[in-house]
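Here the structure is laid out as structure tokens; the discussion comes afterwards.
The values are calculated or read from the model by the stated rules, or taken from the named source; none is laboratory data. Model, not experiment: these values are computed from the prediction. Cβ sites come from the backbone with ideal geometry, for glycine too, and all protein chains shown count toward neighbours.
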């Protein structure tokens, strides 16, 4: 048929404007002249050159579609109002959704935030569960067939949906029905339709929403089909906490995919985390997840515990045996966000300020012990007139050794401490020589004596830093 603006369908539905077109049909905004409301009218485009028998088969296909969709009553599934006929071809009259498709939203604004995609996915799973419970498989779930209107997420175009237990297959003629980039591998191989097909398409659709592109691509129709059947999806860089679920949904083996219930639980967990504000600092330059997943412009919860993401390749590789519950499988809880933990003192209850004081006293005592016990040192024999100066200098050296150290490897900190003590000693000696014309440091001036003194002082201050509670923080 060649419907045009103003055409009256079924004596009731007037076409107003063309709003969409796909491989099998066009969708018009229409006006229900009886009830006075907007409707969507799907016009079937019959291929050129079909025989009467093939035309009849196509007509029956559309009728089966309408009957299947009319059985579904769910806010997440578009409502079928009527089936009419125009110039020998059927049309389906549906509720009019005043909103954009998921594909249009991604094309307009780019990849969506993780939490938002999780919310959309949860709504889609609920709608699919309703259809699957009625024995209906969508078979063509993709971003173009997900409509967004306010708080509603609506699956549309059950145009190739069919009864899973029907005795007549819609693809008996060998025609490929659906969009290859969003069709499960077993669907491309011609196996009977099953709910697992829709779950794979769900994973591909959510992947597209959160990554901004489909998981598979190919230069030709055939290359795309081969990629879906044989290759791994593109590595995920924005999916964050959704990566484990998306990878599992895109498993080649239908038995390895999570059930609708498991997928819903995982999606709701991520959505709740985002709504609670626990979704990372960014679901900017943003942080990087454990496992090296760059987050791009979306905010995600950090991963807790080991799991698939810890491997550094969140590409759909999961433990053998299919999808497992994250907690039951011992992965920690990768789907639930937690705020990043603040650095904790290495020993609980330790006060860093008290630790500095303890180290100061320890370093001061160490300086005086080394300066008086070793035979070449004479700190205890400094002329009484210089005693206040000696106390001030040793106090300053002790304070310098007691200050917090960088969060480096302990061996590096030890080397830095010894070298720093050499520098402090040399600086002190030089200032005393300039001021008083001689080295009255209280320590031996021979090179070997200086080396031993500084090794003892540097090592002693390092040991205090290592073992006084509150001195170090976890790296």
Review point. Given (1) under 20 Å from residue 36 (Cα atoms); (2) assigned to a strand (DSSP E or B), where does residue 90 come up short, assuming only one miss?
Key: (1)
Exercise for review: Would you point out which residue out of 407, 475 is in a loop (DSSP other than H, G, I, E, B), at pLDDT below 70 and assigned by TED's automatic domain parsing to the domain that holds residue 364?
Suggested key: 407
Review point. If you go through region 189-206 one residue at a time, do you hit one that is touching a helix residue (DSSP H, G or I) at 6+ places or on another chain (Cβ under 8 Å) and at pLDDT below 90?
Key: yes
Exercise for review: Select from region 121-158 the residues that are in a helix (DSSP H, G or I) and over 19 Å from residue 95 (Cβ atoms) and list them in ascending order.
Suggested key: 121, 122, 125, 129, 132, 133, 143
Point to revise | Top-ranked residue in region 43-65 [being closer than 22 Å to residue 7 by Cα and crowded, with 20+ Cβ neighbours inside 10 Å; ranked as modelled with the highest pLDDT] | key: 43
Review point. What about residue 40, is it surrounded by 16 or more Cβ atoms within 10 Å (Cβ to Cβ) and either part of a strand (DSSP E or B) or at negative phi (or both)?
Key: yes
Check your understanding: residue 73 is checked against (1) at positive phi; (2) outside the structural domain of residue 186 (by TED's automatic domain parsing) and fails just one. What number does that condition carry?
Key -> (1)
Study note, to complete from the structure: In region 98-119, residues that are surrounded by fewer than 19 Cβ atoms within 10 Å (Cβ to Cβ), at pLDDT 90 or above and assigned to a loop (DSSP other than H, G, I, E, B) total 1
Exercise for review: Only one of these is out of contact with any strand residue (DSSP E or B) (no Cβ under 9 Å at 6 or more places or on another chain), closer than 29 Å to residue 230 by Cα, assigned by TED's automatic domain parsing to the domain that holds residue 215 and at pLDDT 85 or above: 125, 137. Name it.
Suggested key: 125
Exercise for review: Report yes if some residue within region 273-289 is under 20 Å from residue 126 (Cβ atoms), at pLDDT 95 or above, touching a helix residue (DSSP H, G or I) at 6+ places or on another chain (Cβ under 6 Å) and not in a loop (DSSP other than H, G, I, E, B); otherwise report no.
Suggested key: no
